[in-house]
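**Q** Mind having a look at this structure? Questions to follow.
The values are calculated or read from the model by the stated rules, or taken from the named source; none is laboratory data. Computed from a prediction, not measured in an experiment: that's the story for all the values here. Note that each Cβ is placed from the backbone with ideal geometry, even for glycine, and that neighbours are counted across all protein chains shown. Accessible surface areas use protein heavy atoms only, side chains included; no ligands, DNA or RNA. Shrake-Rupley method; radii C 1.70, N 1.55, O 1.52, S 1.80 Å.
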Amino acid sequence: MSNLKKIAILTSGGDAPGLNACIRAVVRTSIFHKLDVIGIHRGYEGMIDGDFFKMDATTVSNIIQRGGTILKSSRSERFKTPEGRELAYRQLKKEEIEAIILIGGDGSLAGSKAFTSTYNIPWIGIPKTIDNDIIGTDFTIGYDTATNTAMEAIDKIRDTAESHNRIYFVEVMGRDSGFIAYKTGISVGAEAIYIPETKTDLQRLFSIFEKGWNRKKNSLIVVVAEGNEVGGAFKISEKVKEKFPEYDMAVCILGHIQRGGSPSCSDRVLASKLGVSAINALLKGEKNIMIGEIKGDIIYTPLEKITKKHLEITPAMNELINVLSN
Ligand code: F6P
């Protein structure tokens, strides 16, 4: 039996669809087990400032379907410093908070690692980011919704591209990660996909034009992750335009629409499972771990082992792009 009485929850870093579903799961599971739950506003910034409030079942009613985060979020420079973390520790002690549930991406989880290496407050991380670039879980909360949002947007772009015999360079999010670009690119039948993890081979794209692409097709979609080595969709389009000025080309940056909106069914279920599992882990005496799901099983990974996950393009994945865009 656990002696825990009071825990706190926060969301940190860039928001992602499914955060509210996860907050709801954490709060409802805590209440079920008679734990008091404190909400921390504005991520680590709110932790440092003591921006706390008591949560109950009504605080989280009717939020499972909502995008954003009712707790608000931030990227905190102060928490990266030992002084900032000490201020946060003092605030948590003052409020008699005995454990933390952090819903965050790789940057926020690095903050958790730094905090727990100095202070003894049990800490459970839950992975969220539309980028899906965290080890210890097959999927992060928000990735599925973001790919569906990007796919729906690019389907619409395909309609107009087809009407005008136009080439579109569509930029999706992913500062260091190609997961959104790869999955979305396959789902929209993109003719080329450029991601940060691999070298940008423009020759493949050029050869499509050299063969005279418009004899076979009326539109062409190139999906580019924002962090690709050439520097995003505008840069790639400029290089293509230089060589093939005769074609009609346009750029569309999808941007932050990928971070908003109602979470997909898969994200709501994942967020709910990870939220319940986080509290169960605390009650079993676990601490300083991240909860993930791998092949349907709940997996605990020590915070100190958490790093970025990089997309590896296998020959089979390459074949999918090359053969299907022929
Ligand atoms: O949440 C991850 C991410 O979406 C990255 O793909 C992107 O580069 C970044 O956030 C943008 O963050 P911000 O909106 O805080 O500038």
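**Q** Which one of the conditions (1) farther than 17 Å from A233 by Cβ; (2) of a type outside the set (V, I, T); (3) more than 22 Å from the chain's Cα centre (by Cα) does R204 fail to meet, given that it meets all the rest?
**A** (1) is the only condition that R204 fails.
**Q** So which residues in segment 95-112 are under 19 Å from the mean Cα position of the chain (by Cα) and away from the ligand (no atom under 16 Å from the Cβ), if there are any at all?
**A** I101, S112
Let's see how each residue does on (1) assigned to a strand (DSSP E or B); (2) at pLDDT below 95; (3) closer than 19 Å to I121 by Cα:
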residue	(1), (2), (3)
G39	yes, no, yes
Y44	no, no, yes
T58	no, no, no
Q65	no, no, no
G84	no, no, yes
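**Q** Taking only segment 218-237 into account, find how many residues are over 29 Å from K128 (Cα atoms) and either within 16 Å of the ligand (Cβ to nearest atom) or surrounded by 15 or more Cβ atoms within 10 Å (Cβ to Cβ) (or both).
**A** 5
**Q** Applying the selection to segment 138-155, what residues are surrounded by fewer than 23 Cβ atoms within 10 Å (Cβ to Cβ) and outside any helix (DSSP H, G or I)?
**A** Passing the criteria: D138, F139.
**Q** Which of the residues that make up segment 239-263 are of a type in the set (V, I, T), part of a strand (DSSP E or B) and either open to solvent by less than 50 Å² (accessible area, probe 1.4 Å) or modelled with pLDDT under 95 (or both)?
**A** Passing the criteria: only V251.
**Q** Further question on the same structure: Any idea which of (1) surrounded by fewer than 19 Cβ atoms within 10 Å (Cβ to Cβ); (2) touching a strand residue (DSSP E or B) at 6+ places or on another chain (Cβ under 8 Å) is the one P196 doesn't satisfy?
**A** Answer for P196: the failing condition is (1).
**Q** If you don't mind, another one. If you scan segment 72-82, which residues turn out to be open to solvent by less than 60 Å² (accessible area, probe 1.4 Å) and either more than 16 Å from the ligand (Cβ to nearest atom) or more than 23 Å from P122 (Cα to Cα) (or both)?
**A** T81
**Q** Taking the residues in segment 114-137 that are open to solvent by 10 Å² or more (accessible area, probe 1.4 Å) and polar (S, T, N, Q) as candidates, determine which candidate is farthest from G174 (Cα to Cα).
**A** If we take residues in segment 114-137 being open to solvent by 10 Å² or more (accessible area, probe 1.4 Å) and polar (S, T, N, Q), then N120 is farthest from G174 (Cα to Cα).
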